[in-house]
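As structure tokens, the structure follows; a few thoughts come after it.
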Amino acid sequence: MKITLKDGSFKEYSEAKRLYTMLSYFKPIEEKKVVVKSEHPLKDTFSDFGSSATAIVRGLATMFKRENWEQMGGIVAIGFETTNTLTNYGLYYFIYIWGMISVNLAIANLIPFPGLDGWQLLVLIVEAIAHKTIPEKVKNIVSFVGIALLFVFMGVILFKDVFKYIFVALL
């Protein structure tokens, strides 16, 4: 992909460098503001989508490893990091990050965990294969427990983000 810098010069950035830049807390590269022009925007869009989806699936697979805990963030981290991206890199990268977040949420929602859409798909598949319906009471209890676990997880991440971005920043 060619990137046009503010002075009019062109730079060639590989997919790996762009993805690394997106995922490395958005440290500035050479220039703060860039204008992106692509020779094949539709092809680049699908290529970026594929790369992003692959990175998201890999990220979900390693989400609960101890060394990745520091990189995990919730709504507070998203707000701080996307604002930082908009300030330092401009609208293109800001929209790119929000596109990645949107794809991430879509893929994460398909995980077969109670309370998510993936759970409902799993229940439908099991019922179709077994030719029996799972009692509503069982589905409701399992979904309630799953949603409760998700809320606890969200609370832990929120607490971690508030401590990291607000309290530590004030010190």
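The values are calculated or read from the model by the stated rules, or taken from the named source; none is laboratory data. In this text the structure is predicted, and so the values were computed from the model without any measurement. Using ideal geometry, Cβ is built from the backbone for each residue, glycine included, and neighbour counts are taken over all protein chains shown. We work out accessible area using only protein heavy atoms, side chains counted, and drop any ligands, DNA or RNA first. Shrake-Rupley method; radii C 1.70, N 1.55, O 1.52, S 1.80 Å.
Some points to look at:
To keep it simple, each residue is scored yes or no on (1) open to solvent by 90 Å² or more (accessible area, probe 1.4 Å); (2) within 30 Å of residue 153 (Cβ to Cβ); (3) of a type in the set (Lys, Arg); (4) modelled with pLDDT under 75.
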residue	(1), (2), (3), (4)
21	no, yes, no, yes
27	yes, yes, yes, yes
37	yes, no, yes, yes
51	no, yes, no, no
63	no, yes, no, yes
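- Out of 101, 111, 107, 97, sole residue that is at pLDDT below 90, closer than 30 Å to residue 45 by Cα and not in a helix (DSSP H, G or I): 111
- Counting only residues that are under 13 Å from the mean Cα position of the chain (by Cα) and open to solvent by 80 Å² or more (accessible area, probe 1.4 Å), segment 65-90 holds 2 of them.
- Meets criteria (among the charged types (D, E, K, R) and open to solvent by less than 70 Å² (accessible area, probe 1.4 Å)) for residue 137: no
- Number of the condition not met by residue 125 [criteria: (1) open to solvent by 50 Å² or more (accessible area, probe 1.4 Å); (2) of a type outside the set (S, T, N, Q); (3) in a helix (DSSP H, G or I); (4) under 30 Å from residue 48 (Cα atoms)]: (4)
- A Cβ distance below 6 Å, combined with a sequence gap of six or more or placement on separate chains, defines the contacts here; from segment 84-105, residues that are within 17 Å of residue 73 (Cα to Cα) reach residues that are buried (at least 17 other Cβ atoms within 10 Å of the Cβ) and small (Gly, Ala, Ser) in the pairs 100/52; 103/52.
- Selection status of residue 64, within 30 Å of residue 140 (Cβ to Cβ), free of Cβ contacts under 8 Å to residues at least 12 places away in the same chain and among the aromatic types (Phe, Trp, Tyr): yes
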